[in-house]
1. B:LEU223: facing chain A (nearest Cβ under 10 Å), in a helix (DSSP H, G or I) and either buried (at least 22 other Cβ atoms within 10 Å of the Cβ) or touching a strand residue (DSSP E or B) at 6+ places or on another chain (Cβ under 7 Å) (or both), yes or no?
2. So, in segment A:225-280, exactly how many residues are touching an Asp or Glu at 6+ places or on another chain (Cβ under 9 Å) and assigned to a loop (DSSP other than H, G, I, E, B)?
3. Output the number of residues of segment B:331-380 satisfying the condition of being within 22 Å of B:ILE97 (Cβ to Cβ) and of a type in the set (Phe, Trp, Tyr).
4. Out of all the residues in segment B:19-44, which are out of contact with any Gly (no Cβ under 6 Å at 6 or more places or on another chain), touching a residue at least 24 places away in the same chain (Cβ under 8 Å) and part of a helix (DSSP H, G or I)?
5. Kindly indicate whether any position in segment B:94-108 is within 11 Å of chain A (Cβ to nearest Cβ) and either touching a strand residue (DSSP E or B) at 6+ places or on another chain (Cβ under 7 Å) or not hydrophobic (A, V, I, L, M, F, W, C) (or both).
6. Report whether or not A:VAL365 is within 14 Å of another protein chain (Cβ to nearest Cβ), over 21 Å from A:GLY282 (Cα atoms), modelled with pLDDT of 90 or more and crowded, with 24+ Cβ neighbours inside 10 Å.
7. Taking B:LEU233 as the residue in question, decide whether it is in a loop (DSSP other than H, G, I, E, B), more than 14 Å from every other protein chain (Cβ to nearest Cβ) and in contact (Cβ under 8 Å) with a residue 12 or more places away in the chain.
8. Being surrounded by 23 or more Cβ atoms within 10 Å (Cβ to Cβ) and under 24 Å from A:GLU72 (Cβ atoms) narrows it down to one of A:ALA192, A:ALA280, so name that one.
Amino acid sequence: MNLEAVKLAAADNTWASIFPELTLGCLALVLLVLEMVLPKKHHGVIADVASAGIFGTLIGLFVRWDAWLGEETFSGLLHHTTAGQVMRVFFLVSALLVCLLARVALAKQLMPRVEFYHIVLVVTAAMMLLAQSNHFVMLFVALETLTIGLYILVGYFRTSTASLEAGLKYLIMGALSSGLLLFGIVLLYGVAGNPGLPGHTSQSMHYAELARFLAANPDNFIASLGIVLVLAGVAFKIGAFPFQIWVPDVYQGAPTPVTAFLAVASKGAGFAVLLGLCSAHGAFAAYQWLVTPVLTAMAAATILFGNIAALTQHNVKRLIGLSGVSHAGFLLIGVIAARNTPLALGAIYFYLFAYLIASFAVFGVMTHLAGADDADQELDHYAGLAKESPFLATVLAVGLGSLAGIPPLAGFMGKLFVFIAAFQSGARALLAIAALGVVVSIYYYFGWIKAAFFETWTPPAEAGSAPTRPARTKVGLVAGLTLGALALASVVLGFYQGPLGQWLTMR
Amino acid sequence: MSNLPFDPLLMAIATPLGLALLIALGLPKRWTVRLSYVAFTVPLLMALHTWWHFSSAPATSGYAFLRTYSTGLDGLGIALKLGLNGISLPLFVMAGIVGLAAGLYAIQSQAERLKIYLMLLLIMHGGLMGVFASVDVFFFYFFHELALIPTFIMVGVWGGRDRSYAAMKMTIYLTLGAMISLVGLIALYVKSGANSFDLIALRAHLAANPLADTVQNNIFGLLMFGFGILVSLWPLHTWAPLGYGAAPSSNAMLHAGVLKKFGLYGLIQVALPLLPSGAAHWAQPLAWLAVTGNVIVVGLVTMAQRDLKQMIGYSSVMHMGYAFLGIAAGSAIGIGGVVLMMVAHGLSVALLFLLATSVHHRTHTFALDQMGGLAQKTPVLAALFVAATFASIGLPGFANFWGELTIFVALWKFSPLICALAIAGVVISAIYGLRAAAWVFFGAPTARMTEIAAKHPPMDLRWTEKAPALLLLAALLFLGFWPKSLSDPLNATLAELKFQSRSLVTKIATGQPALSR
């Protein structure tokens, strides 16, 4: 892409195709300006501006839903598809909810506030571009923007050693994964540009060109190596086995809203990339013989590892991190099925949204129960929650039930769609492992619900000793309404999918 | 045809669920109790209405009262399709009766946090009505799970001894069963190629294009073990006595009485007609598992129980063995017997759980060897308990008799040896049933009993306790004397579904052991 192309893009309003990302970027700058301009006592309004801006962007996205559908912009860097639009909504909703959680969580810390929202906005814009990228350069730039933003967010509570440790771990692991990804991209670029091979191309970073080249060379060793390395790089992001090792520590150390961001949005971004590469029309379509076994092994190991490792956890952040690993495994089954089953795409998107709704309900409750030490959130702290705050306990139960895949909640429908798609595509063994995983997962999700509902909290016996658990935060109006809406959405989407279901199951 | 201005089946499902929603939104306690009477009664009225009008209602593909509501998944062949055929009608009516009895008993129980208790029970009841009214296999499964969730919570919160352990164990076992059967149902859906979960469409499609034998065998195996866990097929039954022992009475009534029938109903309504050769393949292992495991082994274990509630729990596991035997026999008469037995067992086991709790209120213990002589103080309770025991054993005059009798008739054709073993089981159940009644109500009161009686003089049943018990007993007697009222529609459906009888009898002429169909 040269200067001419940029001029061209400016001349024909191509920039308008990425107006949501541009809005978020500008909004991020506005927040910084507001911090300088506004007197200190009015700084509370900045968070409102951030949330309102995201909400406005979401509305704008719906208004201009199909303005650019099906087109490639910026010389093929971006490809605007329905899937891309859906993922944009996914990231915007995540960002909105993260901002809400941040308001609750940051109130307990003596930390600068504005930068947090600023980085969340930038990261969200990067994710949205990532989901629409059609070119490895775009992919890498967007991925790095998002990852660097997340390094900062993970270590945001800089007075907490746990947060700093998590930030460092995430940095090292993230850098390694970026290195692998980049190496894979370079190998693909190199081999696809080799004039000695049939179908070689100078535009080999472009997905469609690369797909054409790979189809002409269906068993090239260097290309295979490149593909495996790219998959490994993405596997880091979604926390799939064997690249899940950072998950528990980072999830525990990161501030709870950031944990939610990592668990939901960052994972969603990883899957958007995977679908772009591995589905029936993806860049790696000609290498199904390689991609399918790799992903199958990964999915099986991810489900088993995530569920079994979660069994022994007492810290809820580690617990939900490892349960998130197993959810990545279920989603990977969907990706595998997407090679030959049209239903799989709808299944993955439904699963992702159900996961978003349920996860944020749970994270919302966690934020309200956390104390000043954000990393210290134990299962024992939930004892007696049902008596003290029936509302939070109900939201928690609905969220966890949906994550566990219990009907009539949305999570069950997500699992059902993925299972049907898996069976249709012939992944029977994976289906068996997934069913087993669901049974195992019941143990720890139910243990959590049990702690909240069946156990009673006994304060320390000696009089005068400090209470060993943080005080519960009172639920504010906005937070209460949002959590209630999330719980309700989990229930309603389990019963009635309506037009959404019709859209998802379209053949 | 139904002359109601609304769909009676949807009404039966929506009323309890609607009230549960109202309670969740903060209905005051006084209104909760008042409206609960209505919400527990409406499903029964709807069930009686459908029963009365069943033969005159126009039927489509064997189903009366058929209605379809779209939930947005028509692309996958999923829609809320409600209807009743001859197999589901008896169970729908039974669910209505047991639901009302359990509801009435719950309202008078003075449980802690009664509002939440009633809400969960209402969700369960709504789900149960949905299970038997669904023609769509997906919703059939969905409603079962909906009814199952409250069980875990009720056992965990309101349960008795070991409630935490019991709740956890039940959850894991039942989820395992549900997952295996879900995989089986998905396999059926995908393999059939009908692209629909609608049972009518599946039947039509599979009648025209039957599945290959291996496929049928695999899917039937999945469904048999998946549903089997839910129905407590030996050796995967251990959750049942433990769970029922810990469950609060109304929950145990609904779960053991109605919800557990889901698995059997699924086998009869879905697996047997759609997978005939799979059923034939598994008939022999299933029959032996059921007769040695559920009937003989669990029967003997039941005899050794000294805890009243555990004993009832084990006896219910044992009686499920007869149901499996009828399914293994596979003939129309055997299946008809299973359906009648499911109805009868649902009523009688609910009655037994209800009375066991009433006994506990008077003796403050479930330990059989610490009771005695209660009949002098509480003659009505004693009479009801003895009647329930007779029903459970299967004496003539009660509905259970017809179910067991027809199963034995079918079983004799299948294999005289298994039939003989199964009949031996009846003797076992007579021993433990009558012995328990004797321990509780007759003989001299034990020292502990006299001590308790001095502190809390036992009162006979109050009307609020008597009403649900009499309702169940009346239903048992009505069906015992007039089974035709349910068996006529049942026979029509069974004839239509063409169940084939099987036989394990060795063909001497050819010298091959054969499983003829």
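1. The answer is no for B:LEU223.
2. Total satisfying the criteria: 2.
3. So the answer is 1.
4. Across segment B:19-44, the qualifying residues are B:LEU19, B:ALA20, B:ILE23, B:ALA24, B:LYS29, B:THR32, B:VAL33, B:SER36, B:TYR37, B:ALA39, B:THR41, B:VAL42.
5. Within segment B:94-108 (the criterion being within 11 Å of chain A (Cβ to nearest Cβ) and either touching a strand residue (DSSP E or B) at 6+ places or on another chain (Cβ under 7 Å) or not hydrophobic (A, V, I, L, M, F, W, C) (or both)), the answer is no, since none of the residues qualifies.
6. no
7. yes
8. Of the residues listed, the single one that is surrounded by 23 or more Cβ atoms within 10 Å (Cβ to Cβ) and under 24 Å from A:GLU72 (Cβ atoms) is A:ALA192.
The values are calculated or read from the model by the stated rules, or taken from the named source; none is laboratory data. Small disclaimer: the values here were computed from a predicted structure and weren't measured. Glycine gets a Cβ as well: all are built from the backbone with ideal geometry, and neighbour counts include every protein chain shown.
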